[in-house]
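Below is one structure, written out as structure tokens; comments come after it.
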Amino acid sequence: MKTLKLFACATLLLLSACVDFEEEGPDVSGIDTGAYLTAVKMTDAKGNDVVVSTNIPVLITDANKQEHLKDPSNTEILITVKPETDVTNLKLVGTLSNTSSAASISPKMGILADFSSPRTYTVTSYNKKNIVAYSVRVIKGQ
């Protein structure tokens, strides 16, 4: 009987060692697998809004309520800023679409960066199946 109890304990111990106790991620039930920006905001080093206008790729929703870029070949975001703006020291913040709320953006937004040449921001869906690389170009208005 003692041998049977030892065998049962050893078996349970071995089985528990094989179970994967991975931490759970955020609850994304009901969230789609989107990777889309719907708006952007840009400020200078002092936090002043410098945007005159923005042109961001159009997002459409199909009959199945899935979001898609209207033109997948166009992922350029064009931001026109005030003429006196120092484009080498700007902060960009993006708004994710409703179905992209669990997506990640790389590199990180919300930090001062040099926009004297186009910068690429990659939005990756939570399940990593959808990836959109946005090219952000800043020009000075007149």
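The values are calculated or read from the model by the stated rules, or taken from the named source; none is laboratory data. Nothing here was measured: the structure is a model prediction, and the numbers come from that model. Neighbour counts are summed over all protein chains in view; Cβ atoms, including those assigned to glycine, are modelled from backbone coordinates with ideal geometry. SASA here: full protein model, heavy atoms, side chains in, ligands and nucleic acids out. Shrake-Rupley method; radii C 1.70, N 1.55, O 1.52, S 1.80 Å.
Annotation: LEU96 carries an accessible surface of approximately 50 Å², with a 1.4 Å probe and no ligand, DNA or RNA atoms counted.
Once both labels are positioned 7 Å from their Cα atoms along Cα-to-Cβ, the gap between LEU78 and ASN64 label points is 3.3 nm.
Under a Cβ-Cβ cut-off of 11 Å, what is the net charge of the residues other than MET109 that fall near it, where Lys and Arg count +1 and Asp and Glu count -1? Once positives and negatives cancel, what remains is +4. May I ask you to list the lysines whose Cα is less than 19 Å away from that of LYS82, ignoring any residue fewer than eight positions away on the same chain? Answer for LYS82, where 19 Å is the Cα cut-off: LYS41, LYS46, LYS91, LYS140, listed by chain and number.
GLU76 sits with roughly 70 Å² accessible to a 1.4 Å probe, with DNA, RNA and ligands left out of the calculation.
For segment 69-113, the solvent-accessible area with a 1.4 angstrom probe is 54 square angstrom per residue. Taking amide H as placed 1.01 Å from N in the peptide plane, ALA103 has its amide H under 5 Å from the amide H of TYR126, each at least 5 places away in sequence or on another chain.
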